[in-house]
Amino acid sequence: MDVGLLLVSAAVLGGLAGILALVLIVADKYIADYGICKVDINRDPAVSFECRGGGNLLMALAERKIFIPSACGGQGTCGYCKVEVRAGAGSVLPTERMHLTRTDIRRNVRLSCQIKIKNDLALRIPAELLAVQEFACEVEKLEALSHDTKLVRLKLLDPAAIAFKPGQYCQLNVPRGYLLRLVPPIFEPIFRAYSIASMPKDEGIVELIIRLVPNGICTTWVHTLLAEGDRVTITGPYGEFYLREDSERPIICVGGGSGVAPVRSIVEHLFDKGTQRRVDCFIGQRALRDLYWHRENVARAAHHKNFRYIPSLSGLEPGDAWEGETDFIHLVVDRSIDDASDKECYLCGPPIMIDAVIAVLKDKGLPEERVYFDKF
Ligand SMILES: Cc1cc2nc3c(=O)[nH]c(=O)nc-3n(C[C@H](O)[C@H](O)[C@H](O)COP(=O)(O)OP(=O)(O)OC[C@H]3O[C@@H](n4cnc5c(N)ncnc54)[C@H](O)[C@@H]3O)c2cc1C
Ligand code: FES
């Protein structure tokens, strides 16, 4: 058969398949009518609701001010938006599988951003998630902590106070006006997760430490346009990564890159409360220009016998005047901790760093159930 004819046929078939897929998507979006669907939550009429079918569950919940964690804005990549769907969601989708464990599937846990509401649903949402609130805030202070990292202090306006545990995070909404001005414009809501870097006792403010990600949607807005006095909204608090205060065990904290933020909240809170627990705080950055929250820790170590501070700069630049550690932080932890069997460990930073530190500490006897971490 003529090769040219084969290629043309393949192209025509491919084109037809593409058009058909597009027609199906448009038809499903604009023509399919799923009618009014009931979303039952915890069999509680006060929070259950009805909505027109067709939208995704995560957004439908957010519209009713029920904020499920989401770090990817509903793209199905973060796996944070899990909810227990007791009935009505159909079978698990291929886009959910990589984020669901066998136990999740057995317990009917699903990714809410992937579930399209086509019929009545029955959900179980834990009380702490139903307690997540939306806060209107004013940017009270912006401060450059390093060449690519800013401290953003938000004053809470409505509600005027937040209750959270050190280590938890909130989600910052990117303003719609900014998203519409992008090329190409973004029409869906965008929000990003940021660990709360301030202490729970300062309930009227939330401090975030935000590192610029080149071409990142939210961080470009924060670093180039956000100004003191601007109004923003956050939701929170979220997360299972938080300080266990019912324990007296010695603590190991490790923060790498922008993972310093929740470690700052945990350490500042502990010493503000006059903790007697031993705290070893390891901070991993690349060069001197990346290091912040340093003088505070040096001073704390000088004043508190139960606090040890070990920063390490693994990518020193020419001219950096530094006499401290220069290895990757897991190697520094390895050298500095003999026995981890009685410790409790809080880790935050890039996945590769966290996996390496966990491997080191497990070798030194740290039980898995006393390792808490947030990877980002
Ligand atoms: C629980 C949690 C807590 C977090 N806390 C903090 C915090 O305290 N401070 C902080 O700065 N960030 C934190 N993050 C990361 C934050 O949520 C955003 O992912 C990050 O700020 C990038 O958002 P963006 O919209 O600017 O980039 P996007 O537009 O989402 O990403 C743009 C591109 O950059 C890539 N990218 C995204 N993040 C990174 C990264 N870190 N390094 C390299 N490439 C990246 C993406 O894959 C994409 O290709 C946290 C994340 C989670 C899940
Ligand atoms: S919101 Fe990220 S996977 Fe659902």
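The values are calculated or read from the model by the stated rules, or taken from the named source; none is laboratory data. Just so we're clear, the structure is a prediction, and the values are computed from it rather than from any experiment. Quick reminder, even Gly has a Cβ in these numbers, built from the backbone with ideal geometry, and neighbours come from all protein chains shown. Please note that ligands, DNA and RNA were not included when accessible areas were found on the heavy atoms of the full protein model with its side chains. Shrake-Rupley method; radii C 1.70, N 1.55, O 1.52, S 1.80 Å.
Points to keep in mind about this one:
- Selection status of residue 220, open to solvent by less than 50 Å² (accessible area, probe 1.4 Å) and touching an Asp or Glu at 6+ places or on another chain (Cβ under 9 Å): no
- Residue tally, condition in a strand (DSSP E or B) and on the phi < 0 side of the Ramachandran plot, over the stretch 335-376: 10
- Any hit, the stretch 307-317, residues being open to solvent by 30 Å² or more (accessible area, probe 1.4 Å), touching a residue at least 60 places away in the same chain (Cβ under 8 Å) and under 22 Å from residue 275 (Cα atoms): no
- Filter pass, residue 87 being within 14 Å of ligand 2 (Cβ to nearest atom) and of a type in the set (Gly, Ala, Ser): no
- Residue check for residue 88: small (Gly, Ala, Ser), at pLDDT below 95, closer than 24 Å to residue 128 by Cα and surrounded by 17 or more Cβ atoms within 10 Å (Cβ to Cβ): yes
- Flag for residue 218 being touching a residue at least 12 places away in the same chain (Cβ under 8 Å), farther than 19 Å from residue 201 by Cβ and away from ligand 1 (no atom under 16 Å from the Cβ): no
- Taking the criterion of being among the hydrophobic types (A, V, I, L, M, F, W, C) and surrounded by fewer than 24 Cβ atoms within 10 Å (Cβ to Cβ), the residues of the stretch 166-182 that qualify are 174, 179, 180, 182.
- Residues being farther than 23 Å from residue 285 by Cβ and outside any loop (DSSP other than H, G, I, E, B) - total across the stretch 232-263: 7
- Checked against (1) touching a Cys at 6+ places or on another chain (Cβ under 7 Å); (2) part of a helix (DSSP H, G or I), residue 309 passes all but a single condition, namely (2).
- Candidates in the stretch 93-112 are the residues that are part of a loop (DSSP other than H, G, I, E, B) and open to solvent by 30 Å² or more (accessible area, probe 1.4 Å); of these, the one that is nearest to ligand 1 (Cβ to nearest atom) is 99.
- Qualifying positions in the stretch 223-238 - under 14 Å from residue 137 (Cβ atoms) and either open to solvent by 60 Å² or more (accessible area, probe 1.4 Å) or near ligand 1 (Cβ under 8 Å from one of its atoms) (or both): 228, 231
- Cβ pairs under 9 Å, 6+ apart, first in the stretch 276-289 and open to solvent by 20 Å² or more (accessible area, probe 1.4 Å), second part of a strand (DSSP E or B): 278/251; 278/307; 278/308; 286/313; 288/313
- Among residues of the stretch 116-134 being more than 25 Å from the chain's Cα centre (by Cα) and more than 14 Å from residue 41 (Cβ to Cβ), the one that is surrounded by the most Cβ atoms within 10 Å (Cβ to Cβ) is 118.
- Within the stretch 113-122, restricting attention to residues that are touching a helix residue (DSSP H, G or I) at 6+ places or on another chain (Cβ under 8 Å) and away from ligand 1 (no atom under 16 Å from the Cβ), the residue that is nearest to residue 51 (Cα to Cα) is 117.
- Residue under evaluation residue 78, criteria (1) within 13 Å of ligand 2 (Cβ to nearest atom); (2) on the phi > 0 side of the Ramachandran plot; (3) not hydroxyl-bearing (Ser, Thr, Tyr), criterion not met: (2)
- Any hit, the stretch 359-375, residues being in contact with a helix residue (DSSP H, G or I) (Cβ under 7 Å, 6 or more places away or on another chain), among the β-branched types (Val, Ile, Thr) and open to solvent by less than 50 Å² (accessible area, probe 1.4 Å): yes
- Test: residue in the stretch 149-157 that is open to solvent by less than 60 Å² (accessible area, probe 1.4 Å), hydrophobic (A, V, I, L, M, F, W, C), outside any strand (DSSP E or B) and touching a residue at least 60 places away in the same chain (Cβ under 8 Å): no
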